[in-house]
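*Asks:* One structure, pasted below without further comment.
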Amino acid sequence: MRESAPSITANALPVDELCAALIRFDTTNHGDGVSAGEREIAEYIAGLLQSSGYEPQIVGPSPERASVVARIPGEDPTLPALLIHAHTDVVPVEADQWSVPPFEGIIRDGYVWGRGAADMKDMAAMTIATVQDWAARGIRPRRDIVLAFVADEEDRGDHGAGWLARQRPELFTGVAAAIGESGGSPSLVTDAQGRERRLYAIATAERATMHMRISSTGRSGHGSRPNSDSAVRRLLDATQRIAQHRWPIHLSTTVRAYLERSSAALGFPAELDTEQGVLSTIDRLGPAGTVARFTVRASTTPTMLSAGGKVNVIPGRAEALLDVRCPPGYEQQLEEEIDRLLGDDATREFVSLAHSVESSPDSDWFRAMEAAIVAHDPEAIVVPFCMGGGTDAKAFTPLGISCYGFAPLGLDSEGREVHGVHGVDERVAVESLIAGQRVLATFLESV
Ligand SMILES: [Zn+2]
């Protein structure tokens, strides 16, 4: 990081107003390839970056499904680059249930209100504000920083991060690590002495998302003449076995580190050698244990069933869809066990498969994020965690990038918290945004 002659100074907005400005683009992703506003917001962001002297590109599979990518050249081209990614799309709203219009970007009562305020136009705003500030102060990062503001995260990413990683991998040449959605924000927890502590969890892992179709076949015929070779019965038997299966505990490196480090910092014992020990360790952590509960094992949840078209006809085929989530490092065992449970009753195929993500919770990257948080909150407890679901990190991981969920927010002095992600009255505290941007800038200026 070096200061040189200041370049163009943009008429930069404060981070809260920038977040509000981004919210005013209705970028609703309706799923199944239908979305709005991604082009308009991409042009707006590209314009901001351009007026700070950067060279953004608008890219995507079609003019509407637009993402913005910019590379900020670092002082030392031999250092591996860092990617910062944030999605620009948002989930739909049920506007009649909101107490404010969801796309007006209202700043009131210490909050920025609106769809995307916390998922994740906040991070997009903090990132833009930071690089605008660099431009104004003539600061150049030590290593290349690649910015990606991407479409389509709220569906499957096929028109956003997935497309970029598959079709434009050269944009990420030399990128060794990435920061993006989820992680780096404080939650209040209670330690063994009953004192309130602040726990900041950075995502270093994500379970795999494996959506699976299982199919059974049998003899079709008249409903009045049952036969023993029934597709419906076979499917129900196989689905039942999978739904009732109790998956064994499988602690990934991240989840083990989460349980060990949180327990140590809060003064609780960690017993991780047996299932009962793991469950007790989670229980002792109280609310801090919740984040680990769904990531210590796989889950296989039947969500859709289909068979038959008429009540008096025995169908020859029956299908179920399963939402399967798998801890890092357990994928092969999981597939083998599912095959055993299906037996001869059904076959399986993946409808979609996004592999798990795991980056080292002991890397220099992680330590730099931890140091940035501690620099602004000396009493912070910083731990790695595994996400139960997924983010665009799944798309960038196959490029050999170590992905971290780090979109830091700070504390609000009056206890305002993020509210309404994917729900009603989504909002983020102005103070949290301002403090979060400081943490982000400290991290970026340290690596
Ligand atoms: Zn999101």
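*Asks:* If r is the Cβ-Cβ distance from residue 301 to residue 79 and R0 is 51 Å, what FRET efficiency results, to the nearest 0.05? If you can, show how the numbers build up before the last one.
*Replies:* On the way: r = 43 Å, r/R0 = 0.85.
Efficiency at R0 = 51 Å is approximately 0.75.
*Asks:* Over the stretch 298-447, calculate the relative contact order: mean separation of alpha carbon pairs under 8 Å at least 6 apart, over the residue count, as a percent.
*Replies:* On the way: 133 pairs, mean separation 26.8, N = 150.
Answer for the stretch 298-447 is 18 percent.
*Asks:* What percent does the relative contact order of the stretch 33-187 come to when contacts are Cα pairs within less than 8 Å and at least six residues apart? Each step should come with its number before you reach the end.
*Replies:* Working: 254 pairs, mean separation 52.3, N = 155.
It rounds to 34 percent for the stretch 33-187.
*Asks:* Here's another thing I want to ask about it. Nearest 5 percent is fine: what portion of the DSSP beta bridges confined to the stretch 1-158 is antiparallel?
*Replies:* 70
*Asks:* Quick one: accessible surface of residue 120, probe radius 1.4 Å, all protein chains present, in square angstrom to the nearest 10.
*Replies:* Result for residue 120: roughly 10 Å² accessible.
*Asks:* Given only helices, namely DSSP H runs of n ≥ 4 each adding -39500 (n - 2.57), what is the per-residue ellipticity at 222 nm of the chain, to the nearest 500 deg cm²/dmol? Before the final figure, lay out the partial values.
*Replies:* Working: 12 runs with 139 residues, N = 447.
Helix-only estimate at 222 nm: -9500 deg cm²/dmol.
*Asks:* Additional query: To one decimal place, what orientation-averaged projected area in nm² is obtained for the convex hull of the Cα set of the stretch 69-228? Before the final figure, lay out each step's value.
*Replies:* Values: hull surface 79.8 nm².
Taking a quarter of the hull surface, the average projection is 19.9 nm².
*Asks:* How large is log10 of I(q)/I(0) for the stretch 251-293 at q = 0.16, 0.21, 0.24, 0.33 Å⁻¹ when the intensity is taken from the Debye formula with one equal scatterer per alpha-carbon?
*Replies:* Values, matching the q order: -0.30, -0.54, -0.72, -1.39.
*Asks:* Against the empirical 2.2 N^0.38 Å scaling, what ratio does the C-alpha Rg of the stretch 292-447 come to? Show your work: numbers first, answer last.
*Replies:* Working: Rg = 21.7 Å, N = 156, 2.2 N^0.38 = 15.0 Å.
Compared with the compact-globule rule of thumb, the stretch 292-447 sits at 1.45.
*Asks:* Separate question: Cα atoms only: what Rg and Dmax, in Å, come out for the stretch 336-421?
*Replies:* 19.0, 60
*Asks:* Is the stretch 115-154 rounded, prolate or oblate when judged by the Cα gyration tensor, a ≥ b ≥ c being the square roots of its eigenvalues, rounded requiring a/c under 1.5 and prolate requiring a/b larger than b/c?
*Replies:* Numbers: a/c = 3.84, a/b = 1.87, b/c = 2.05.
Oblate shape, in that a/c is at least 1.5 and b/c is the bigger or equal ratio.
*Asks:* Nearest 5 percent is fine: what portion of the DSSP beta bridges confined to the chain is antiparallel?
*Replies:* 70
*Asks:* Here's a follow-up. Filter the GluC sites (Glu not before Pro) in the stretch 255-296 down to the DSSP loop ones having no more than 15 other Cβ atoms within 10 Å, then list what survives.
*Replies:* On the way: sites: 260, 271, 275; in loops: 271.
Passing both the DSSP loop test and the Cβ count: 271.
*Asks:* What are the principal axis extents of the Cα atoms in the chain, in Å, biggest first?
*Replies:* So the three principal-axis extents are 85, 55, 49 Å.
*Asks:* Here's something else I'd like to know. With the dipole of the chain worked out from charges on the C-beta (+1 for Lys and Arg, -1 for Asp and Glu) around the Cα centre, which of 205, 441, 194 lies farthest toward the positive end?
*Replies:* 205
*Asks:* Accessible area per residue of the chain at 1.4 Å probe, in Å²?
*Replies:* Working: 19000 Å² over 447 residues.
Roughly 43 Å² per residue, with all protein chains present.
*Asks:* Taking only the alpha carbons of the stretch 206-333, what extent do you get along each of the three principal axes, in Å, biggest first?
*Replies:* The principal-axis extents, from largest down, are 66, 22, 21 Å.
*Asks:* Continuing with the same structure: Which percent of the accessible area of the chain is formed by carbon and sulfur heavy atoms (probe 1.4 angstrom)?
*Replies:* 49
*Asks:* A follow-up question, please. Roughly speaking, what % of Cα-Cα pairs in the stretch 1-155 are separated by over 19 Å, rounded to a whole number? All intermediate terms of the calculation are to be shown ahead of the outcome.
*Replies:* On the way: 6417 of 11935 pairs.
Tail fraction, whole percent: 54.
*Asks:* Please check the chain for the longest run free of trypsin sites (Lys or Arg not before Pro) that are loop-located per DSSP (anything but H, G, I, E, B) and have at most 10 other Cβ atoms within 10 Å. Write down the numbers at each step before the final one.
*Replies:* Values: sites that count: 195, 246, 310.
Looking at the chain, 1-194 is the longest stretch - no exposed trypsin sites (Lys or Arg not before Pro) with at most 10 other Cβ atoms within 10 Å.
*Asks:* Moving to a separate point now. Throw me the Rg/Rh for the stretch 52-120, computed over C-alpha atoms with Kirkwood Rh, two decimals. Provide the component values of the computation, followed by the final result.
*Replies:* Numbers: Rg = 17.2 Å, Rh = 15.5 Å.
Across the stretch 52-120, the Cα-based Rg/Rh ratio is 1.11.
*Asks:* Follow-up question, since we're still on this one. Over the stretch 351-416, what is the relative contact order in percent, taking alpha-carbon pairs closer than 8 angstrom and at least six residues apart? Show your work: numbers first, answer last.
*Replies:* Working: 25 pairs, mean separation 28.6, N = 66.
43 percent.
The values are calculated or read from the model by the stated rules, or taken from the named source; none is laboratory data. What you see is a predicted model, and the numbers here were worked out from it, not measured in a lab. For neighbour counting, all protein chains shown are included, and Cβ atoms are generated from backbone atoms with ideal geometry for every residue, glycine included. Accessible surface areas use protein heavy atoms only, side chains included; no ligands, DNA or RNA. Shrake-Rupley method; radii C 1.70, N 1.55, O 1.52, S 1.80 Å.
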